[in-house]
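Let me begin by presenting the structure, written as structure tokens, before commenting on it.
The values are calculated or read from the model by the stated rules, or taken from the named source; none is laboratory data. This structure is a prediction, so every number in the text was calculated from the model and none was measured. Note: ideal-geometry Cβ built from the backbone for every residue, glycine included; neighbour counts use all protein chains shown.
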């Protein structure tokens, strides 16, 4: 049966000639040197700018105002950074003006963002974007050692994808044809996770694709209860920050390497780790990525900044210099694999995962997350900045037997670290809860600053700590 499903998957992709054409192109492109790769990418970017200027009302205004195209029609790439940054608010307000005037000539569809930090937005994508996105996913699967149709289990699902009763006969048929098994990342109670383990043992997938937090939770349950589990060839983690302690646990439990992958609904598959696991290779054929300081100046390798993405393949609704809402940093050295694509050392979290102090200093959310890494009595933790001088910490207790004294000692340690960072006048409240909600996109947010989410006064003078 597995061989039949694999054959069906291969036949399906063979009937998509544009996807195969793009796959062959990016297979060659990945091994070009950095300079040649950048030159080819600039060609893609120039083509997008020209088309956006010609047929998209919003970008005709923005590109003209930025003087990127002169009177003779020549594109000056040195002025590319003059194009204003795009965000979800602009997309909502200028939706019609962001769509190409040639939409009737393209095969297009409406997609939505994940909505991990608020209300999702709608946007238009076309067949060319979708074909390129499928191709880059196939390439990333080559890196992980996954063969088309060899069997993938997904611990996945946004609420729109996975709610009970929403799955159709076509959905089940499509997953059967692709040899995929789906498990709902929104249903992660102990009895449900035990059922997932039994299912993995029954179907024995070659690869597991999962939300970072969900596969970590599953691994912890397996280890805590001493369950036997199938060992896949690879595990792909996405939709959330994969912290080092999470990777270590998942790899130890499943005895398989974890490949971190970065993307979003509005951007597609942006970057992925190779077998060297030294960072995420950005797909140069499909995405142009910038990492910027708060003043919009480029961050140097090793410096954390805001990730800004331009999709090079969606002409139905171009997203140029889009603020995806994540923070990250460029790697300080080339990857040993020899690929010429730029490497993100890590994606450190959401922009609003940082905490803001009264003096304008920003504190990275990972600081608060690391405080609980070795607190065995804490199963799951979310730290929330309610105000400049108020931090609330939600804690789900683990099943580990710990004394009240151990917990009190741990809480005192965490509180002292928060006081030292946020100020002695900061109020710290610890709340033990039964569960902590995920976002509608299925992500778990370790830290949330309500100040940054609502736009605090004084954001014009913020600086990182």
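So in the range 270-291, with the set limited to residues that are touching a residue at least 24 places away in the same chain (Cβ under 8 Å) and farther than 18 Å from residue 26 by Cα, which one is farthest from the chain's Cα centre (by Cα)?
276
Do we find a residue being part of a loop (DSSP other than H, G, I, E, B) and at pLDDT below 90 anywhere in the range 403-411? Explain how you work it out, then say what you get.
First, pick out the residues of the range 403-411 that are part of a loop (DSSP other than H, G, I, E, B): 403.
Pick out the ones that are also at pLDDT below 90 and you get 403.
Yes, that holds for at least one residue.
Evaluate the following for residue 406: is it exposed (fewer than 15 other Cβ atoms within 10 Å of the Cβ) and under 22 Å from residue 327 (Cβ atoms)? No. Taken together, 63, 49, 26 contain a single residue that is modelled with pLDDT of 95 or more and out of contact with any strand residue (DSSP E or B) (no Cβ under 9 Å at 6 or more places or on another chain), which is 26.
Across the range 416-428, the number of residues qualifying as exposed (fewer than 13 other Cβ atoms within 10 Å of the Cβ) and under 30 Å from the mean Cα position of the chain (by Cα) comes to 0.
Filtering the range 373-392 to residues that are surrounded by 20 or more Cβ atoms within 10 Å (Cβ to Cβ) and closer than 14 Å to residue 414 by Cα leaves 375, 378, 381, 382, 383, 391. Highlighted here are the helices (runs of 4 or more DSSP H) found entirely within the range 59-155 that include at least 1 residues which are more than 19 Å from the chain's Cα centre (by Cα) and farther than 28 Å from residue 22 by Cβ: 88-93, 95-98. It is to be established whether one or more residues within the range 284-304 are farther than 30 Å from residue 103 by Cβ, at pLDDT below 95, out of contact with any helix residue (DSSP H, G or I) (no Cβ under 9 Å at 6 or more places or on another chain) and surrounded by 19 or more Cβ atoms within 10 Å (Cβ to Cβ). There is at least one residue in the range 284-304 that is farther than 30 Å from residue 103 by Cβ, at pLDDT below 95, out of contact with any helix residue (DSSP H, G or I) (no Cβ under 9 Å at 6 or more places or on another chain) and surrounded by 19 or more Cβ atoms within 10 Å (Cβ to Cβ). Annotation: of all residues in the range 412-431 being in a helix (DSSP H, G or I) and in contact (Cβ under 8 Å) with a residue 12 or more places away in the chain, the one that is nearest to residue 355 (Cα to Cα) is 422.
Has the range 315-323 got any residue that is farther than 19 Å from residue 77 by Cβ, under 14 Å from the mean Cα position of the chain (by Cα) and buried (at least 19 other Cβ atoms within 10 Å of the Cβ)? Scanning the range 315-323, I find no residue that is farther than 19 Å from residue 77 by Cβ, under 14 Å from the mean Cα position of the chain (by Cα) and buried (at least 19 other Cβ atoms within 10 Å of the Cβ), so the answer is no. Checking each residue in the range 221-245 for being touching a strand residue (DSSP E or B) at 6+ places or on another chain (Cβ under 8 Å) and either part of a helix (DSSP H, G or I) or in contact (Cβ under 8 Å) with a residue 40 or more places away in the chain (or both) picks out 232, 233, 234, 236, 239, 240, 241.
The requirement of being in contact with a helix residue (DSSP H, G or I) (Cβ under 7 Å, 6 or more places away or on another chain), modelled with pLDDT of 95 or more, under 19 Å from residue 157 (Cβ atoms) and not in a strand (DSSP E or B) is satisfied by residue 196.
Note on the range 333-355: residues that are surrounded by fewer than 23 Cβ atoms within 10 Å (Cβ to Cβ) and at pLDDT below 90 total 2. Taken as a whole, the structure leaves residue 434 outside the set of residues that are in a strand (DSSP E or B), exposed (fewer than 15 other Cβ atoms within 10 Å of the Cβ) and free of Cβ contacts under 8 Å to residues at least 60 places away in the same chain.
Does residue 220 satisfy being closer than 17 Å to residue 136 by Cβ, surrounded by fewer than 22 Cβ atoms within 10 Å (Cβ to Cβ) and at pLDDT below 95? Criteria not met by residue 220. Screening the candidates 372, 368 for the property of being touching a strand residue (DSSP E or B) at 6+ places or on another chain (Cβ under 6 Å), outside any strand (DSSP E or B) and within 15 Å of residue 249 (Cβ to Cβ) yields one hit, 372. The one condition from (1) touching a strand residue (DSSP E or B) at 6+ places or on another chain (Cβ under 9 Å); (2) farther than 26 Å from residue 385 by Cα; (3) surrounded by fewer than 19 Cβ atoms within 10 Å (Cβ to Cβ) that residue 359 does not meet is (2). Only one entry of 364, 330 meets the criterion of being surrounded by 20 or more Cβ atoms within 10 Å (Cβ to Cβ) and within 30 Å of residue 84 (Cβ to Cβ), and that entry is 330.
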